[in-house]
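The values are calculated or read from the model by the stated rules, or taken from the named source; none is laboratory data. This is a predicted model, so every value here is computed, not measured. Every residue, glycine among them, receives a Cβ derived from its backbone with ideal geometry; neighbour counts consider all protein chains shown. Surface areas here come from the heavy atoms of the whole protein model, side chains and all, with no ligands, DNA or RNA. Shrake-Rupley method; radii C 1.70, N 1.55, O 1.52, S 1.80 Å.
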Amino acid sequence: MARDTTDLTPVTSVEDLTAHLATGEKPASQFRIGTEHEKFGFYTEDLSPVPYEGERGIGKLLERMQALSGWEAIIDDGRIIGLFGSAGQGAISLEPGGQFELSGAPLETIHETCRESNAHLAQVRAVAKELGIGFLGIGSSPTWTLDETPVMPKSRYEIMRRYMPKVGTRGLDMMFRTATIQVNLDFSSEADMRRKMQTSMKLQPIATALFANSPFTEGKPNGLCSWRSDVWSDVDNQRSGLLPFVFEENFSYRDYAEWALDVPMYFVTRDGRYTDVTDVTFRQFMDGALKGRIPDPEPQLGDWTNHLSTLFPDVRLKTFLEMRGADGGPWRRICALPAYWVGLLYDEATLDAAEALTKDWTFEEVSAMREAVPRDGFRTPFRDSSVLELARETVRLSRQGLVARNRRNEEGNDESHFLAPLEEVVARGTTSGEELVRLFEEQWDGSMERVFKHLTY
């Protein structure tokens, strides 16, 4: 997330919080696609991570990106920690370990999304090359220890860094050593939100396998297809993972709001200052728990919006839906991830088929699949089938949906060609993580330099 929200509108009831979620509803003609991707910066001369400080640090990179783009600087305690474009242009932000993120603009087609990502990467390369910096498309940092990983000077991250070890064993790895590609998608009504969220939450383990791309830790294979998704097994189970109530037939905005109300908060901002409130839930905040601790202690809509951004389920509901199951990866995957989900969820007939495919999947079955996929990838069994067969079927359905959308570029091509990287993966039958290890061991003589060269944008 590029920057935290300020909205002084008072919120006094669960109905206010639920109504905020419903403000995301829009007609299908106004559905948009917002793609986010994270990447790891490294110094090309020695493959070491890039710190924030210094003449060749992330701070200087952001300053140069600002001069090139003309975007507004996002400042936190006097330091530049991101950039924000004018209306509809997206944003650049920093993840805790310096992962450089583009939060893309809400766009109509995957063609536009892919052009946006390519233009961003071209800008980043132009600026980073002058500083001797490269960027890596992968789901986790392949060589650096946690202690070697730099820390970005962002107030919310300092609060998270103190809190994470209290609620799980792998929260710091998640913060500092993982990267993802995500897509944000719209809904037209509560019923539309429900079927999209239920279907996509059940399919997240399939997406994890399709995009599994984090098989190295601290310079050697870690035995997993997706170390990143395995990390999420013990980050903070109060606020992450699968949500059992989403599987209920009548799941609603209210259900999500009630769950979010009882998740501990991270922070409250007042006058640009962050206060650690990790001992308080939003429900307790609404009941007056912060009186005497912060200025203006009554909850505001900005507080609720910020709190929603600190929840990490596999599919996150805000005024749109965020698909959160994929590892970071090479540039073609940045286009393939939104293509996969748009194909499945934005064409009604294809959504019907995807919903029918997953309708009777239980929470327990999906949980077991989610637990196994980071290790077993496509080999993970599901009923009398496998994740590989499910991946093939969902990629086929996604292509069907993109063809039906019939959004064509200037050359007359529809969006379905963006699925090519996924079609290659399912045709091969092994995950990208497994393929990286094969290349590392059989062709690259165990060279991490070759891994970096292969995955650098």
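Before moving on, here are some points about what is shown:
- Within region 293-333: backbone nitrogen closer than 14 Å to the ASP279 label point (7 Å, Cα to C-beta): 293-294
- Legend: distances between Cα atoms for LYS166/LYS220; LYS129/LYS220; LYS318/LYS453; LYS39/LYS196; pairs beyond 32 Å are LYS318/LYS453.
- Once C-alpha pairs closer than 8 Å and six or more residues apart are averaged by separation and normalised to the residue number of region 83-158, the relative contact order reads 29 percent.
- Region 144-238 - percent of accessible surface contributed by carbon and sulfur, probe 1.4 Å: 48 percent
- Segment THR23-SER189, length gained on full extension (0.36 nm per residue, minus Cα span): 58.8 nm
- Amide H contacts under 5 Å for THR143: GLU218, GLY219, restricted to partners 5 or more places along the chain or on a different chain, H placed in the peptide plane at 1.01 Å from N.
- Derived from the Cα gyration tensor, the three semi-axes of the equivalent ellipsoid of the chain are 30, 29, 22 Å, largest first.
- A Förster distance of 35 Å, applied to the separation of the beta-carbon atoms of SER86 and SER48, puts the FRET efficiency at 0.50.
- Taken along the Cα-to-beta-carbon direction at a fixed 7 Å, the label points for ALA404 and ASP360 span 2.2 nm.
- With a simple spin-label model that places each label point 7 Å from the Cα along the Cα-to-Cβ direction, the separation between ASN413 and ASP296 comes to 4.9 nm.
- A simple charge model with +1 on the Cβ of Lys and Arg, -1 on the Cβ of Asp and Glu and nothing else charged puts the dipole of region 135-175 at about 260 debye relative to its Cα centre.
- Peptides ranked, highest mean first, by Cβ atoms within 10 Å: ranges 77-84, 192-199: 192-199, 77-84
- For region 123-147, no residue has its backbone nitrogen under 14 Å from a point 7 Å from the Cα of SER447, taken along Cα to Cβ.
- Label-to-label distance, THR6 versus GLU371, with points set 7 angstrom from Cα along the beta-carbon direction: 4.6 nm.
- HIS417, HIS307, reordered so the largest accessible area comes first (probe 1.4 Å): HIS417, HIS307
- Surface accessible to a 1.4 Å probe, per residue, for the residues of region 35-76, Å²: 44 Å²
- Leading residue at positive end of dipole, the chain (Cβ point charges), from GLY88, ALA420, THR310: ALA420
- For region 185-326, the solvent-accessible area with a 1.4 angstrom probe is 31 square angstrom per residue.
- Residues in region 73-90 carry Karplus couplings, in order, of 6, 9, 10, 10, 6, x, 10, 6, 10, x, 9, 10, x, 5, 3, x, 9, x Hz; the curve used is 6.51 cos²θ - 1.76 cosθ + 1.60 with θ = phi - 60°, and Gly or Pro positions show x.
- Those Cys residues of the chain for which no other cysteine Cβ falls under 4.7 Å: CYS225
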